Amino acid sequence: MYSLIIVEDEDESRNGLMNYIPWREFGFSVSAAFPDAASALTYLEKHNPIVLLTDIMMPGMNGIDLIEKAKELHPAIIPVVLSGHSDFAYARKCITLGVREYILKPAGFEELKDVFIRIRTELDSSDTKRKISSDELVELMRKYIADNLDTVSLKSLSERFYLNQYYISELFHQVSGRSFQEYTAEERMNEAMRLLRESHLSISAISSRVGYTSPSSFARTFREKTGKTPKEYRENG
């Protein structure tokens, strides 16, 4: 199932979309529904649905602005517009934002079915390609982590790969089975042990090289992980 969120300020329309459309038959599940763009954006800051189905004209932030911000957070999200307005300016802006479909209200069941089955077919056919792409991206991230253990963070990964931090965090966990923090902590500890065994660098220098803010915090974490102090590990292995 592909995840879908709905943003519609009209209660009746929103409830109808949530409760009377057999989304699972189309290959989708509704993760959440919102009456306004602002609450949807708050959700998107921590979640990464596949499809965003939104109205355009809503109080406060409109659907166009929501799509623009959603694409900044999740470049791969698929926006679908459901609107009562056929204004050409809206349609042109939607095209520039990569909106997949522009559905005019009142939309019939068959039209929604055709649109979402078409999207599902495209998603199904590109699943393998997307997986390979994700694996390759995470592998590049791993190399970047290994080369920058002293400074790496989700923020630096975000700046390096031009992706939102939440997206990187979810993707990294999905592909590697570990969180970014878990993976980085393990890599730092492995590199510290290697340097203690194979180099003559001081413990303070090793601490800095693998990204610890102070030798004392490094020594404390090292002992928690290995049962030995860095000095004991260097002397006895």
For this session: Considering every residue within region 140-154, establish whether at least one is more than 23 Å from Val51 (Cβ to Cβ), touching a residue at least 60 places away in the same chain (Cβ under 8 Å) and not polar (S, T, N, Q).
Result: yes
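Taking the conditions exactly as written (farther than 17 Å from Ile103 by Cβ and over 25 Å from the mean Cα position of the chain (by Cα)), does Asp11 satisfy them or not?
Details: farther than 17 Å from Ile103 by Cβ: yes; over 25 Å from the mean Cα position of the chain (by Cα): yes.
It is true that Asp11 is farther than 17 Å from Ile103 by Cβ and over 25 Å from the mean Cα position of the chain (by Cα).
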For this session: Spot the failing condition for Ser39; the list is (1) in contact with a strand residue (DSSP E or B) (Cβ under 8 Å, 6 or more places away or on another chain); (2) farther than 15 Å from Leu17 by Cα; (3) surrounded by fewer than 17 Cβ atoms within 10 Å (Cβ to Cβ), and only one is missed.
Result: (1)
For this session: Please go through region 38-86 and pick out each residue that is among the β-branched types (Val, Ile, Thr) and within 16 Å of Gly98 (Cα to Cα).
Result: Ile50, Val51, Thr54, Ile56, Ile64, Ile67, Ile77, Ile78, Val80, Val81
Exercise. Within region 128-137, restricting attention to residues that are at pLDDT below 75 and farther than 16 Å from Ile78 by Cβ, which residue is nearest to the chain's Cα centre (by Cα)?
Worked result: Lys131
For this session: Among the residues of region 1-34, write down those that are under 18 Å from Gly84 (Cβ atoms) and among the hydroxyl-bearing types (Ser, Thr, Tyr).
Result: Ser13
Problem set entry | Sole residue being hydroxyl-bearing (Ser, Thr, Tyr) and either assigned by TED's automatic domain parsing to the domain that holds His74 or more than 23 Å from Leu73 (Cα to Cα) (or both), chosen from Ser204, Ser176 | Ser204
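The values are calculated or read from the model by the stated rules, or taken from the named source; none is laboratory data. Model, not experiment: these values are computed from the prediction. Here Cβ is always computed from backbone atoms with ideal geometry, including for glycine, and neighbour counts include all displayed protein chains.
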